[in-house]
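To keep things clear, I will list the structure first and then write my remarks on it.
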Amino acid sequence: MPDVAPDVERTVLRCGVLIDGTGSPAQADMAVTIEDGRVAAVLTWSAYERGNGDNAAPILDYSNATVVPGLIDAHAHLCWGSPQSRAWVDLDNDPAAIVAWGLSSCAAALVAGITTVVDCGSPGGLALKVRDLVRSGIACGPRVLASGEAITTTAGHGEDIGITADDVVGMRTAARGLVARSADLVKIMVTGGATDPHTNRRQPQYSTEELRAAIEDAHRLGRRVVGHANATEGIVRAVDAGIDIVAHCNWLGADPGTVLLDRPTIKRMAQDGVVVDLNVQGARRPLADTDGEVLDWAENSPKPGCRWDLLEPLRQAGVAMYLTSDAFGPAIGSFPDQLSQAGSEWRLGAEELMSRVTAVPAQAFGLSDRGTIAAGRDADIAAYDGDLRTDLSTLSRPVAVHLQGRLVVAGGRLGPPRIALAHAQEARAQTGLLDRVFEALD
């Protein structure tokens, strides 16, 4: 396994199995050439050898591994923690400590093969600071898109990671304020949530008009909007208001213990290109334990056992859907393990599973530079030990991660951030200059 190394202009990856993220069949014994941080070509290894016999570009041998696009976890909370976690409680709401927690989360994500994270709400919007530290090269981590705080109501879901808006004017002001602080997206708590039982996850927190006010201004300012939505009525209102992405999409009826799909709204979602953000752990849990009985399931069809089954009508209608961790802090590092378990339970092929954490979320957020391994795309690439086609637990064994071409993780070891590399190179250059001066003096 190669050592973590500084940037090189050209690299060649030899891939035992290549899954490109598009959902197309995997290919064996492939070559991926990388130039200046982007994929230059994807071709068979034999074709590469025929055309590049005298090429001196370094070759990284992943011939015993499966190579995939860097994973995109499009719903996580890098700077948030569970109240049951002693480590999180001990931070005592100190902003500097929370930023450090977020940077630890970034390291855990990158080592796991996650090269892009969408942060969907953080205390004080501190994920924006984490994003900027990584972008500047001061810290090493995945590329981060951050919403800042989430928009919620007084006594609403997620108040500890939110800003409060209670009417149309407040919604416009909140959306504008987040964009003014350079938020990459806007997150709205459309309904109550399970972590705040008093908020009632079976009821919407906002009217259609209130949601539309925030969404219209976010769109005017070039931002996509993610809506946390458990209740069916909340989903309906969000779609009517023009939401881009529905997170969770639980279709909870107003009455306790009921689940109620709204078929006309599903059709609208497909027509309008609304995307579903599905938390893997939540989608695996039995409906009977968490949500209740489905009231309007089609006759002669097996009743859904979990939320993944429940969303089959959306998949049949053509609604795009990506998989996320919704993880708190460094727990994001367990996302690949969650994916392997879910994929096995749902009998997903490796190609479909990977597309739902690469190409689909990239398209949902307009990230045309990543999400697939193809010529011209940024070389965000992860390699896992084994053959993912036959063993989804391969995702538990990351061996290397490239971020925009640079090898940042090798053998589970995280490389230094860019600024550290730059200073080291500068120090070496200065040392060389001093050596030449002393030689001249001698």
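Readers should treat all values here as calculations from the given coordinates under stated rules, not as data from a laboratory. Model, not experiment: these values are computed from the prediction. With ideal geometry, Cβ positions are generated from the backbone for all residues, glycine too; neighbour counts draw on all protein chains shown.
Global size of region 206-326: 14.1, 47 Å for Rg and Dmax (C-alpha atoms, Rg to one decimal, Dmax whole). Our coupling estimate for region 283-298, obtained by passing each phi through the Karplus curve with A = 6.51, B = -1.76, C = 1.60 and θ = phi - 60°, is 6, 8, 6, x, 4, 4, 7, 10, 10, x, 8, 7, 7, 10, 5, 4 Hz, Gly and Pro reported as x. Using only Cα atoms, find the angle between the long axis of helix 232-241 and the longest principal axis of the chain, and express it within 0 to 90 degrees, rounded to the nearest 10. Once rounded, the angle reads 70 degrees. Scalar couplings 3J(HN,Hα) for region 93-108, obtained by applying the Karplus form with A = 6.51, B = -1.76, C = 1.60 to θ = phi - 60°, are 6, 7, x, 5, 5, 5, 4, 4, 4, x, 5, 5, 4, 4, 4, 4 Hz; x denotes Gly and Pro.
Proximity of backbone amide H atoms, modeled 1.01 Å from N, is registered between H75 and V118, S325, D326 at under 5 Å, excluding neighbours fewer than 5 places apart on the same chain. In terms of modelled amide H atoms, which long-range or inter-chain residues lie less than 5 Å from the amide H of I151? Long-range HN contacts for I151: I163, K187, I188, M189.
Only Cα pairs under 8 Å and 6+ residues apart enter the sum, and on that basis the relative contact order of region 57-163 stands at 27 percent.
Rounded to whole numbers, the Karplus 3J(HN,Hα) couplings from phi for region 158-174 are x, 4, 6, 10, x, 10, 8, 9, 10, 7, 4, 4, x, 5, 4, 4, 5 Hz, using 6.51 cos²θ - 1.76 cosθ + 1.60 with θ = phi - 60°, and x at Gly and Pro. Neighbour counts of other Cβ atoms within 10 Å put C15, C306 in the fewest-to-most order C306, C15.
Cα axis of helix 208-220 to longest principal axis of the chain: angle in degrees, 0 to 90, nearest 10? On a 0 to 90 degree scale, this one is about 20.
What is the chain's relative contact order, in percent, from Cα pairs under 8 angstrom and six or more apart in sequence? Each step should come with its number before you reach the end.
Values: 1032 pairs, mean separation 90.7, N = 442.
Relative CO of the chain lands at 21 percent.
For the chain, modelled as a GNM whose springs connect Cα atoms under 10 angstrom apart, the maximal fluctuation among P417, P69, P83 occurs at P83. Computed from Cα atoms, the angle from the helix 263-272 axis to the main principal axis of the chain rounds to 40 degrees. For D380, the residues whose amide H sits under 5 Å from its own are G70, Q404, G405, ignoring neighbours fewer than 5 places away on the same chain, with H placed 1.01 Å from N. The radius of gyration of the Cα set in region 53-147, together with its Dmax, comes out at 16.5, 59 angstrom.
Each Cα pair under 8 Å and six or more residues apart adds its sequence gap; the mean of these over the residue count of region 267-337 is a relative contact order of 46 percent. Considering only P256, V99, L311, and ranking their Cα positions along the charge dipole of region 71-364 that arises from unit charges at the beta-carbon of Lys, Arg, Asp and Glu, the one farthest toward the positive end is V99.
The trypsin sites (Lys or Arg not before Pro) of region 326-406 that meet both conditions, a loop assignment by DSSP and at most 15 other Cβ atoms within 10 Å of the site Cβ, are R347. Note on the chain: semi-axes of the ellipsoid equivalent to its C-alpha gyration tensor, largest first and rounded to whole Å, are 40, 27, 18. Under the simplified labelling scheme, the A56-V89 pair shows an inter-label distance of 6.0 nm, with each label point 7 Å from Cα along Cα→Cβ.
Between E49, E210, E149, the Gaussian network model of the chain with springs among Cα atoms under 10 angstrom shows the greatest mean-square fluctuation at E49. Could you run the Debye sum over the Cα atoms of region 263-323, one equal point scatterer each and no solvent, and tell me log10 of I(q)/I(0) at q = 0.13, 0.20, 0.27, 0.30 Å⁻¹, two decimals? Log10 of I(q)/I(0), two decimals: -0.35, -0.82, -1.21, -1.26.
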